[in-house]
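Written out below as structure tokens is the structure these notes cover.
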Amino acid sequence: MAAGWPELEAAARERRRELALAGPAVAERVAAGGGRLPAALLALPLLQSLELSGCAALRELGPGLAAALPALHTLVLSGNALGPAGLGAGLGGPLPALRLLDLSGNGLEALPAALGGPGEAPGGAPAFPQLRSLNLSGNRLRELGPGLARAAPQLQALLLSGNRLRALPGGLLPPAAAAGPFPLLSRLEAADNELEELGADIAALPALKSLDVANNQLRELPAALADCPRLKEANFRGNQLKDKRLEKMVNGCQTKAILEYLRAGGRGKGKAENAREEARKKKREKQQKKDGGDAEQDELEEASKLLVKVLHVSENPAPLVVKASPGVKDVRPFIVCCVLKGVNLKPGNALKRFLTTQTKLHEDICEKRTAATIATHDLQLIKSPLIYDVRPPEELKITPLGRKEIKAKDLLRQLQLEAEEQRKQKKRQNVSGLHRYLQLLDGKDNYPCLVDAEGAVISFPPITNSEKTKVRKDTQDLFLEVTSDTSLQICKDVMDTLILKIAELNRSTLENKEDSGSDNESDALCGPVNLNPRQNAQPMNVPLAVEQVRVVDTDGNLKVLYPSKTDLTTVSSLLTVIR
């Protein structure tokens, strides 16, 4: 191992899957090494998550990173000084498992060849076949070419804000756009660029749900936006649109109204434009009929869906609010919360089955908690308002599930000793349960926590939540919480799936007509998620109620509202949402 890099020595010794390098000492070592990552990093083939951010000295990755770390699924290199050349050697080969790549806040004026930039190798297999999220915000990009669609065909989120782009989609879409590049791209952000043109070929993105082109130089919006079949949320603010009525609408109306206005041709359109709009309308109706199939079959499928009713903040005289402190931005910035009413955990082994379900969610969609972490609480035991905050390890105190009150640093030390003992007893290198996640907090000077109105820490992600708000068999109303240091969209996707799983377990318990009984309620430290039915005598289609929860900053400005009108769409094929 390279001298002066104790983090790498520890990672190799402990066979870690995650590694985060940060702070002045790291920056000094990178500078001393010529502005590149240490070669010793290439001797950690088990790494699945690597982060090195905020290091102005980092100018190149060094050769062979992709070849040496084939298991990487998360690579965060934000706030450095990387350019295409500096990335080229490190990303010169495929990363078949990579799902998230964050290159925001660097000095990119063009993409590296591996991402379809100049010098891209023609043909061949995609370099990033599993890449879902690509963050290129805060660079100096002037254009993007069709090579990105070939390099990352499964991309779902493309973040381009704060660059120098002049046109969108521009060269992103090859001439044969109808062939289906980016079939899964649902989120496209290009705010704070120099966009003068938003092309009609934007409608060639079949999965686009969220579009942000705020604060650009757009004069017109194409009518083709109305042909984006799934577009639900769009931000056009900060553009000097020629159509003044449209300009007022983008500053005050919902996306649906704006799209309807564009679909109608706006003001001053002639007969030719109206004829084209009529043709587009017929085409849409024909496609909908084709996609929908037989009407009776559609009705049967719709009737079989699970039901969830959304309770809006405006309907609650005292809605639950979560205040996020500024410090979380640098530790674990993203949080999504909601209240779920109408669960019944008494019948049979309902609680035990839900705990198993949550464990599976942490393993799968949460990617072993590296992407996000779930926690659930008994709503009746929560004292609001809540504060999402950060605290030093020696000051953060919590009463973990099944344990006595303890400081966070002592809890982690205790868990580490347990892990070592477990290894010795079972004579194996890997550990099970919560002990697998301790390294997720390595290198953190402060730990995230959710604090109630009495000052008690009720959640310590990504490790545990509190005995104080523990979910039990008699719990009926839940407070659900998903946090991430990766992205807000991942939080929402996980919450969508969590609610779906709760609804499925509810139905399963009702259909099986389980009797109340006793479970083994040995709650895992990770915090249970819960679910299930209401009363056995109730009809199968009684919906669960999801109550909106706002996350605001310390000044009361809204950061997140869940579920919004565009949420729960990822599970819409299995879930009917009554809004």
Spot the failing condition for PRO94; the list is (1) closer than 17 Å to LEU19 by Cα; (2) part of a loop (DSSP other than H, G, I, E, B); (3) open to solvent by 20 Å² or more (accessible area, probe 1.4 Å), and only one is missed. (1)
If I filter region 532-564 down to residues being in contact with a strand residue (DSSP E or B) (Cβ under 8 Å, 6 or more places away or on another chain) and modelled with pLDDT under 85, which single residue comes out as nearest to GLU233 (Cα to Cα)? PRO543
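Just for region 13-54: of the residues that are part of a helix (DSSP H, G or I) and open to solvent by less than 40 Å² (accessible area, probe 1.4 Å), which one is nearest to ASP445 (Cα to Cα)?
Initial filter on region 13-54 (part of a helix (DSSP H, G or I)): 13, 24-32, 39-43.
Narrowing further to those that are open to solvent by less than 40 Å² (accessible area, probe 1.4 Å): 26-27, 30, 40-41.
On the way: VAL26: 14, ALA27: 16, VAL30: 20, ALA40: 24, LEU41: 22 Å.
Per the stated criteria, the residue is VAL26.
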Counting only strands (runs of 3 or more DSSP E) entirely within region 127-209, those with at least 1 residues that are more than 26 Å from ALA81 (Cβ to Cβ) and of a type outside the set (Lys, Arg) are 187-189
Which condition from (1) under 30 Å from the mean Cα position of the chain (by Cα); (2) open to solvent by less than 30 Å² (accessible area, probe 1.4 Å) is the one that TRP5 breaks? (1)
I'd like to check something: does region 475-489 contain any residue that is open to solvent by 10 Å² or more (accessible area, probe 1.4 Å), within 24 Å of THR576 (Cβ to Cβ) and hydroxyl-bearing (Ser, Thr, Tyr)? no
Mind checking whether some residue in region 513-524 is modelled with pLDDT under 90, under 30 Å from THR566 (Cβ atoms) and either open to solvent by 10 Å² or more (accessible area, probe 1.4 Å) or of a type in the set (Val, Ile, Thr) (or both)? no
If a residue has to be surrounded by fewer than 17 Cβ atoms within 10 Å (Cβ to Cβ) and either polar (S, T, N, Q) or within 22 Å of ALA32 (Cα to Cα) (or both) to count, how many in region 55-88 make the cut? 5
Being part of a loop (DSSP other than H, G, I, E, B) and of a type in the set (Lys, Arg) is the filter here; which residues of region 453-497 pass it? LYS470, ARG472, LYS473
Test: ALA67 is modelled with pLDDT of 85 or more, among the small types (Gly, Ala, Ser), more than 25 Å from the chain's Cα centre (by Cα) and outside any loop (DSSP other than H, G, I, E, B): yes
Among the residues of region 218-249 satisfying the criterion of being over 25 Å from GLN156 (Cβ atoms) and outside any loop (DSSP other than H, G, I, E, B), which is least open to solvent (accessible area, probe 1.4 Å)? LEU246
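The values are calculated or read from the model by the stated rules, or taken from the named source; none is laboratory data. If you're wondering where the values come from, they're calculated on a predicted model, not measured in any experiment. All Cβ positions, even for glycine, are placed from backbone atoms using ideal geometry, and neighbour counts span all protein chains on display. Quick note on the areas: whole protein, heavy atoms, side chains included, nothing else; ligands and nucleic acids left out. Shrake-Rupley method; radii C 1.70, N 1.55, O 1.52, S 1.80 Å.
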